[in-house]
Amino acid sequence: MVQRVAVVGAGVSGLAAIKCCLEEGLEPTCFERSEDIGGLWRYEDQAEEGRASIYRTVFTNSCKEMMCYSDFPFPDDHPNYMHNTRLQQYICKYAKHFDLLRHIRFKTLVIKVKKRPDFSVTGQWEVVTQRNGKEETAVFDAVTVCSGHHVYPNLPLDDFPGIQKFKGCYFHSREYKEPEKFRGKKVLVVGLGNSGSDIAVELSTVASQVYLSSRSGSWVMSRVWDNGYPWDMLVVTRFRTWLGNILPSMLSDWLYVRGMNRFFKHENFGLMPLNRTSRKEPVFNDDLPSRIACGVVVMKPNVKEFRETSVLFEDGTVQDDVDVVVFATGYSYSYPFMEDDSIIKSRDNQVTLYKGILPPHLEKPTMAVIGLVQSLGPIIPTADLQCRWAIKVFQGKNLKQPLSSSPLFPQRYGNSTTLQTDYVTYMDELASAIGVKPNVLKLLLTDPRLALEVFFGPCSPYQFRLRGPGKWSGARKAILTQWDRTLR
């Protein structure tokens, strides 16, 4: 029987794992290398080794009703999109409310996780930690890896010929904190993801010129959608997911492209994705189109070559006198504490996980990787449901499907190395397996008002607390009042 569970990391996923263990009567011990909870969302003035790092002005891309823990709504007076400091306060409130802090060992680094010699029988793991220079070894029945994937920067300098000759300054976006020291400079930002776009827009207020280079383009969405409502409350619904699944793919793709181009034509702004119908995660930035229109951000294709003070792009244009290059080129997966790296990683550094959670080749399913899946949906409720599912697997309960390594992620999300999937479909798959998926037809007979809100309204996290294990008595009310809190 699984009893003791090791949790690696005390960010939003690690806290969800601790709480889920406690709900199921298990004993979690969480190891956090820093001195506080919050992971990615705890801002520091300097990037710390082994920890995710954000810049000072990071705001959430999901609104408060969609990104909260499923049984802990944000306070009514919070704005729909939050600055990182406010989200960090919410995370601390969550930890305090559910009394999670006493299960966390701070300033404790996990240096090795390895199978016990009798793993094929017991499924147990040996976890070696280090605190104040002293090593300690403990045995756990299961391990949840909640260390995130915004920690180890991907800086593919080999893809950029001549970078060694470049006389200006260059660094990964992980090191970026605030714009002031770039005042009056010419800056090239490489990479059109959320970080690259945010940094380009922010620098455009102080730099003499910003260039934003993109290899493959991207859809750019605004946080503020029809009639001023949050985008995700209108887009992430069961109805839209159902429609997308039943329509012929040609029609579905046409509607998708049309929807993405509704506010401005991406082609005219040099942003059009090479693969127009790919559902890879769009960029959320309310200001980028206007910054391009004002000429303070200039879109550029992929870099062909760096020179001493200039940059040659693939369309043959050359930009002279570039002072600074910011590589917003994403992150690599790395699990330096895993003795056998192939448990989580497979060939070509790709990650293969059953349901995006379980390493498929283990003799006993006693390890879960939480928070790696990316979808057009928020990470907090995704991690919360992943933890609830994983704990049931650890206990050997409620698994209606065999553990195979069949791919969960369809090709429509492109060939990105991130595990991308459709949010509602994925959440429902996990929820079905543990008996917490809302039954819309049954609700239609017993509670039609709720049924209509569940199906046509936003697929908010409270839906996964209406029934089954972990049911929350406030879920119905939270769903029926979610628009009121949004307007507030």
Number of positions in the stretch 1-45 that are in a strand (DSSP E or B) and either of a type outside the set (Ser, Thr, Tyr) or touching a helix residue (DSSP H, G or I) at 6+ places or on another chain (Cβ under 6 Å) (or both): 9
In the stretch 277-297, the residues that are in contact with a strand residue (DSSP E or B) (Cβ under 7 Å, 6 or more places away or on another chain), open to solvent by less than 40 Å² (accessible area, probe 1.4 Å) and part of a loop (DSSP other than H, G, I, E, B): 282, 285
Answer from 84, 154 - the residue that is at negative phi, among the polar types (S, T, N, Q) and touching a Gly at 6+ places or on another chain (Cβ under 6 Å): 154
Where residue 186 falls short, out of the listed (1) open to solvent by 30 Å² or more (accessible area, probe 1.4 Å); (2) in the same structural domain as residue 39 (by the TED database); (3) at pLDDT 95 or above: (2)
Test for residue 72: is it under 20 Å from residue 478 (Cα atoms) and in contact (Cβ under 8 Å) with a residue 24 or more places away in the chain: yes
Number of the exception - residue 330 against (1) free of Cβ contacts under 8 Å to residues at least 24 places away in the same chain; (2) surrounded by 17 or more Cβ atoms within 10 Å (Cβ to Cβ): (1)
Selection from the stretch 56-74 of residues that are within 16 Å of the chain's Cα centre (by Cα) and crowded, with 17+ Cβ neighbours inside 10 Å: 58, 60, 61, 62, 63, 64, 66, 67, 68, 69
Qualifying residue in the stretch 81-98 (condition: farther than 27 Å from residue 472 by Cα, of a type in the set (A, V, I, L, M, F, W, C) and in contact with a Phe, Trp or Tyr (Cβ under 9 Å, 6 or more places away or on another chain)): no
Some residue of the stretch 83-93 being within 30 Å of residue 220 (Cα to Cα), open to solvent by less than 30 Å² (accessible area, probe 1.4 Å), among the β-branched types (Val, Ile, Thr) and modelled with pLDDT of 95 or more: yes
Residue among 235, 210 that is in contact (Cβ under 8 Å) with a residue 40 or more places away in the chain, surrounded by 14 or more Cβ atoms within 10 Å (Cβ to Cβ), more than 24 Å from residue 317 (Cα to Cα) and in contact with a Leu (Cβ under 8 Å, 6 or more places away or on another chain): 235
Some residue of the stretch 114-135 being open to solvent by 70 Å² or more (accessible area, probe 1.4 Å), within 30 Å of residue 311 (Cβ to Cβ) and either touching a Pro at 6+ places or on another chain (Cβ under 6 Å) or not in a helix (DSSP H, G or I) (or both): no
Which numbered condition residue 36 fails, given (1) open to solvent by 20 Å² or more (accessible area, probe 1.4 Å); (2) in contact with a Cys (Cβ under 9 Å, 6 or more places away or on another chain); (3) closer than 15 Å to residue 379 by Cα: (3)
Test: residue in the stretch 366-378 that is surrounded by fewer than 23 Cβ atoms within 10 Å (Cβ to Cβ), closer than 20 Å to residue 426 by Cβ, of a type outside the set (A, V, I, L, M) and modelled with pLDDT of 85 or more: no
Hits in the stretch 373-390 (condition: closer than 13 Å to residue 11 by Cα and among the aliphatic types (A, V, I, L, M)): 379, 380, 383
Boolean, residue 274 is surrounded by fewer than 19 Cβ atoms within 10 Å (Cβ to Cβ) and either over 22 Å from residue 381 (Cα atoms) or out of contact with any strand residue (DSSP E or B) (no Cβ under 9 Å at 6 or more places or on another chain) (or both): yes
Where residue 316 falls short, out of the listed (1) touching an Asp or Glu at 6+ places or on another chain (Cβ under 9 Å); (2) free of Cβ contacts under 8 Å to residues at least 12 places away in the same chain: (1)
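The values are calculated or read from the model by the stated rules, or taken from the named source; none is laboratory data. Given the structure is predicted, the values throughout are model-derived calculations rather than measurements. For neighbour counting, all protein chains shown are included, and Cβ atoms are generated from backbone atoms with ideal geometry for every residue, glycine included. Accessible surface areas use protein heavy atoms only, side chains included; no ligands, DNA or RNA. Shrake-Rupley method; radii C 1.70, N 1.55, O 1.52, S 1.80 Å.
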